[in-house]
Amino acid sequence: MELTPEERSILGGGRGEAAKRALQYQIEVGRFWGAKRFVPVTNVHMMGDIEVMGDGGLAWLKEEAGSGARCVVGTTTNARCMDFAHCERMGQDAGEAVKEKELIAALRRMDVVTTDTCINYQTVYQPHLGEHVAWGDTGTVIYANSVFGARSNFEAGPAALAAALTGRTPEYGFHLDEHRKGTFAVELKAKLDDLADWGAVGKLVGESHQNYYAVPVFHGYHRTPGADELKHLGAALASYGSMAMFHFAGVTPEAPSMLPNEKMAVSDADLEAVYRNFKLGDGDARLVVFSGPQQSLFEMKNLSDLFENRKVKGGSTCIVTTNSAILQQSRDLGYAQVLQGAGVTILEGVCFYILQNLSPMREKNRWTNMVSNSAKIVNIIGAHRFNTILRRTADCVEIACSGVLK
Amino acid sequence: MSITVNRAFGPVVEGEAVVSEEGFSPRYDLDRWSGVITKPGHKLEGTSIVDKICFFPTAKGGIAAGWAFYDIKWKKIAPKAFIFGVTNPVMVQGAVFAGIPITEGWSPHPREAVKTGDWVRVDPARRIIEVLRRKA
């Protein structure tokens, strides 16, 4: 790779051992992908918690923090695996909670801003057109590339942290114009009145085109979609299709004026088939989850409206996850009180699918099914052996309150 | 018999091949405490990948997979190398971080050249995988 004088200085130890190691690592990754050079990044979003990192990762991180590793650009953290206020009641390990606190302390020592959110793009930082960033999880990356026109690859935890320490990332993939062009067109004939419908579109389009470099171009939709709708669409495309970018005619900044030759369409009938195809298993309706991604303020308001004067059925569990900022606003506005009054558990700073101890939690509660309005979470939680069922938001609330699965 | 790969990272390694017809995620498919593929219905369900040279057609999974390679290496249950038909940035970032050799792209397809149980050598610098011994 072609290195600037500043990069050669980092390699020579001019910015300390941690930055040197980080750049050496980034050069190996860049070489693999044929990157010719680095691009400076302005913002980093990283995944790092004890559930994903394990004891080895924690030991490595503590050593990094101790050896003077410090972020040189604004760096935030993704959703993590524990809400300490709920750990004990959720049956999570006290020993792992201690490690999680050590991990958070090490990150803060490195100047990481521990926001613990997967909706940084809605609540923390909105990059502009053409801005290079180094983000993960996948839902944040596809939103950055598509809706903002910013530029990021999927950056795994170690890669994002390296970018934070060096202030740059290898130039390959979605940093380059050549990978940002639409590769197939999707006509949206369906009404898409619920967030779950947008996730279902992501499932249909993603499953049929699994490829990091596939970029769908949506067109023909009858109105302007909102941020939460694009969030569920993007999260599902990334999850089912491993995709990092989409275009939406008339909506996203880099949408092309000409459609690609390959074409597909999504109709209301296609969506009904998606819902119908989720098997109901043994009919267990005792777990309903609103998570993956965390809820925005408007999602919290909508849930609060739907749960007003209702109660989660005895023996059932309904979980909502969001970040600390949204939760605080939801308290100020009374949404959180309505939800909690209805028996909903609100978890802060986490995502349901990465909860520490989730499999034993499932066994202890004898949960077999998980119902959600998020197409992403119903896709990725399979390793914990849940049978998952996608339903529209109001239907999820009805299932939570009635205990009847339809 | 040998296979040429398009991109590669890591030192030369030798080991027993495990050839999969299905893609792989260290989080969706693998028990990260035993190194055995446990995802119900995975074509390699019940197979250990510890110390193996693993051939997978595709990579699955999201960002969380990035730390998983270092985690399994630390627990001494990592494979010796990952050989992918098509991979994604997270797999590469994770494997490089853990120091596990990884390659992408292949010719010919492994199904024509190597079987599970064969002894193979991966040479990332030369971008070549050689079958040294057939399974007895």
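Laboratory data are not the source of any read-out in this text; all were calculated from the coordinates shown. Every value quoted in this text rests on a predicted model; they were computed, and no experiment measured them. Positions of Cβ are backbone-derived with ideal geometry, glycine not excepted, and every protein chain shown enters the neighbour counts.
Answer rounded, prolate or oblate for the protein assembly as shown, using the Cα gyration tensor with square roots of eigenvalues a ≥ b ≥ c: rounded when a/c is under 1.5, else prolate when a/b is larger than b/c, else oblate.
rounded
For the stretch B:1-34, the residues whose backbone nitrogen is under 11 Å from a point 7 Å from the Cα of B:Thr47, taken along Cα to Cβ, are B:17-24.
Fewest-first ordering of A:Thr322, A:Thr4, A:Thr368, B:Thr87 by other beta carbons within 10 Å of each residue's beta carbon gives A:Thr4, A:Thr368, B:Thr87, A:Thr322. When the Cα positions of A:Ala105, A:Val141, A:Leu129 are compared along the charge dipole of the stretch A:5-177, A:Leu129 comes out farthest toward the positive end, with charges on each C-beta of Lys, Arg, Asp and Glu.
A cut-off under 9 angstrom between Cβ atoms defines the neighbours of A:Trp198, and their net charge, with Lys, Arg +1 and Asp, Glu -1, is -3.
Cβ-to-Cβ counts within 10 Å put A:Leu333, A:Leu303, A:Leu271 in ascending order as A:Leu333, A:Leu271, A:Leu303, the fewest first. For A:Arg168, the residues whose modelled amide H falls within less than 5 Å of its own, excluding neighbours fewer than 5 places apart on the same chain, are A:Val41. Under a 5 Å amide H cut-off, with hydrogens placed 1.01 Å from N, A:Leu347 pairs with A:Val320, A:Thr321, A:Thr322 among residues at least 5 apart or on other chains.
Projecting label points 7 angstrom from Cα along Cα→Cβ for B:Glu21 and B:Leu132 puts them 2.9 nm apart. Put in line by how crowded their Cβ is, counting other Cβ atoms within 10 Å and starting with the fewest, B:Glu130, B:Glu104, A:Glu272 read A:Glu272, B:Glu130, B:Glu104. Computed about the Cα centre, the dipole magnitude for the protein assembly as shown is approximately 780 debye when only Lys and Arg (+1) and Asp and Glu (-1) carry charge, each at its Cβ. Projecting the Cα atoms of A:Ala249, A:Gly182, A:Ser208 onto the dipole axis of the protein assembly as shown, where Lys and Arg carry +1 and Asp and Glu carry -1 at the beta carbon, places A:Ser208 farthest toward the positive end. Angle of helix B:65-74 to the longest C-alpha principal axis of chain B, folded into 0 to 90 degrees and rounded to 10: 80°. Helix B:89-98 against the longest principal axis of chain B: what's the angle in degrees, Cα atoms only, rounded to the nearest 10? That helix lies at roughly 90 degrees to the long axis. Viscosity 1.002 mPa s, temperature 20 °C: Stokes-Einstein D of the stretch A:6-143 from its Kirkwood Cα radius, in µm² per second? After rounding, the answer is 130 µm²/s.
What is the dipole size for the stretch B:2-48, taken about its Cα centre, with +1 at each Lys and Arg Cβ and -1 at each Asp and Glu Cβ, in debye to the nearest 20? Please list the in-between numbers first.
Working: 5 positive and 7 negative charges, 45 e Å.
Taking the Cα centre of the stretch B:2-48 as origin, the dipole is about 220 debye.
Put simply, the amide H of A:His45, placed in the peptide plane, has neighbours under 5 Å in A:Thr76, A:Ala134, A:Trp135, A:Gly136, leaving out anything fewer than 5 places away on its chain.
Out of B:Trp74, B:Gly62, B:Val90, whose Cα points farthest toward the positive end of the dipole of chain B (charges: +1 Lys, Arg; -1 Asp, Glu; placed on Cβ)? With unit charges placed on the Cβ atoms, the residue in question is B:Trp74.
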